[in-house]
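Notes follow the structure.
The values are calculated or read from the model by the stated rules, or taken from the named source; none is laboratory data. Everything numeric in this text was worked out from a predicted model, so none of it was measured. Methodologically, a virtual Cβ is constructed for each residue, glycine included, from the backbone with ideal geometry; neighbour enumeration extends over all protein chains shown.
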Amino acid sequence: MRAYERFIEIVLFLFAITAVLTVLLITFFVFREGLPIIFSEGILNFVASTEWAPLSGKFGILSMILGSVQVTLGAIILGVPIGVACAVYLAEIADKHIVQIVRPGIELLAGIPSVVYGFFGLSVLVPFIRNHFPGNGFSILAGSIILAIMILPTVINISETSIRSVPEEYKSGSLALGASHWQTIYRVILPAAKSGIITSVILGMGRAIGETMAVIMVTGNVTKVAGSIFDPVRTLTGNIAIEMGYAAGDHRLALFATGVVLFVFIMVLNLIATFFAQKAGEIK
């Protein structure tokens, strides 16, 4: 029996090592391809220039960095209040029968392919924005709305788990002191679950900044700095997906370098999320 258990331990260990090695290999490959062009162009030139003209040998990705940040921030501003409010409702207010109906819908939302979100944005959101606001509809606003919908499952699920993990004694003590249910939620439960909610927001940001297909379909993909939320933009992921199919030489390396910048963004967000999760006691 011990030999069998030892065998299972070794197999599981190999699976874990395989996962880690896969991440390390991907990281090594992306950085190996991307760093040379960053150093040859100059880090400041590469990340602080807005001129992206691969055929002329000009590789400035500032407009795409700003595009990614603008679309992501828009998604957070639109999606987080709705997601946290939904989490509070499911964890503290909704009847069990309602929870059993709503939660599968949220899980289904997480399983919808991004291209379907893109089609929805292309056929519904873009024409609506074009008809009611300045511009041609392909814009930061369209991308933000689509991403806000896409990050809802992440924000709702993690926030709900954090709210449910607040000790029952906190709620009972607050109610015993004369606070209303809403006062207890606002002044006791949400502050106690703050770290977990912040973690959900950061993971939602990582989900948004890494999205590709849906964003490509609704943002217009123009390599310039947007002046308003109704202007088109191109994100880092969109730039890689659009141009990698025909890129060669330094152009191809510049796209890998774009991936390096994106990788750093995601890595920093994940480290911050891990920090807050550990602080909340969710990860030991």
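Among the residues of the stretch 44-59, those identified as surrounded by 13 or more Cβ atoms within 10 Å (Cβ to Cβ) and either within 25 Å of the chain's Cα centre (by Cα) or not in a helix (DSSP H, G or I) (or both) are 46, 47, 49, 50, 51, 52, 58, 59.
Only one of 79, 118 is in the same structural domain as residue 204 (by TED's automatic domain parsing), closer than 16 Å to residue 234 by Cβ and surrounded by 14 or more Cβ atoms within 10 Å (Cβ to Cβ); which? So the residue among 79, 118 that is in the same structural domain as residue 204 (by TED's automatic domain parsing), closer than 16 Å to residue 234 by Cβ and surrounded by 14 or more Cβ atoms within 10 Å (Cβ to Cβ) is 118. Of everything in the stretch 1-38 that is exposed (fewer than 13 other Cβ atoms within 10 Å of the Cβ) and among the hydroxyl-bearing types (Ser, Thr, Tyr), the residue that is farthest from residue 222 (Cα to Cα) is 4.
Among the numbered conditions (1) within 30 Å of residue 148 (Cβ to Cβ); (2) over 20 Å from the mean Cα position of the chain (by Cα); (3) modelled with pLDDT of 85 or more, the only one that residue 32 does not meet is (1).
Checking the conditions here, which among 134, 104 is farther than 19 Å from residue 205 by Cβ, touching a residue at least 60 places away in the same chain (Cβ under 8 Å) and not charged (D, E, K, R)? I'd like the intermediate steps shown before the answer.
Values: 104 fails: touching a residue at least 60 places away in the same chain (Cβ under 8 Å).
Exactly one of 134, 104 is farther than 19 Å from residue 205 by Cβ, touching a residue at least 60 places away in the same chain (Cβ under 8 Å) and not charged (D, E, K, R), namely 134.
The condition of being surrounded by 15 or more Cβ atoms within 10 Å (Cβ to Cβ), more than 19 Å from residue 114 (Cα to Cα) and touching a residue at least 40 places away in the same chain (Cβ under 8 Å) holds for only one of 202, 216, 151, that being 202. The set of residues in the stretch 127-159 being hydroxyl-bearing (Ser, Thr, Tyr) and closer than 17 Å to residue 85 by Cβ consists of 154, 159. Every listed requirement among (1) among the basic types (Lys, Arg); (2) modelled with pLDDT of 85 or more; (3) surrounded by fewer than 18 Cβ atoms within 10 Å (Cβ to Cβ); (4) in contact with a Ser or Thr (Cβ under 6 Å, 6 or more places away or on another chain) is met by residue 279 save one, (2).
Residues in the stretch 182-197 that are hydroxyl-bearing (Ser, Thr, Tyr) and in contact (Cβ under 8 Å) with a residue 24 or more places away in the chain: 1 in all.
On inspection, residue 236 passes the criterion of being crowded, with 19+ Cβ neighbours inside 10 Å and either hydrophobic (A, V, I, L, M, F, W, C) or at pLDDT below 90 (or both). In summary, residue 41 fulfils each of the numbered conditions (1) exposed (fewer than 14 other Cβ atoms within 10 Å of the Cβ); (2) of a type in the set (D, E, K, R); (3) in contact (Cβ under 8 Å) with a residue 12 or more places away in the chain with the single exception of condition (1). Applying the condition of being of a type outside the set (Phe, Trp, Tyr) and free of Cβ contacts under 8 Å to residues at least 12 places away in the same chain to the stretch 226-248 and asking which residue is nearest to residue 139 (Cα to Cα) yields 227.
Conditions tested, residue by residue: (1) in the same structural domain as residue 244 (by TED's automatic domain parsing); (2) touching a strand residue (DSSP E or B) at 6+ places or on another chain (Cβ under 8 Å); (3) of a type in the set (A, V, I, L, M, F, W, C); (4) farther than 19 Å from residue 254 by Cβ.
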| position | (1), (2), (3), (4) |
| --- | --- |
| 18 | no, no, no, yes |
| 23 | no, no, yes, yes |
| 32 | no, no, no, no |
| 37 | no, yes, yes, no |
| 58 | no, yes, no, no |
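Among the helices (runs of 4 or more DSSP H) confined to the stretch 76-162, the ones with at least 3 residues that are over 20 Å from the mean Cα position of the chain (by Cα) and more than 17 Å from residue 229 (Cβ to Cβ) are located at 96-111.
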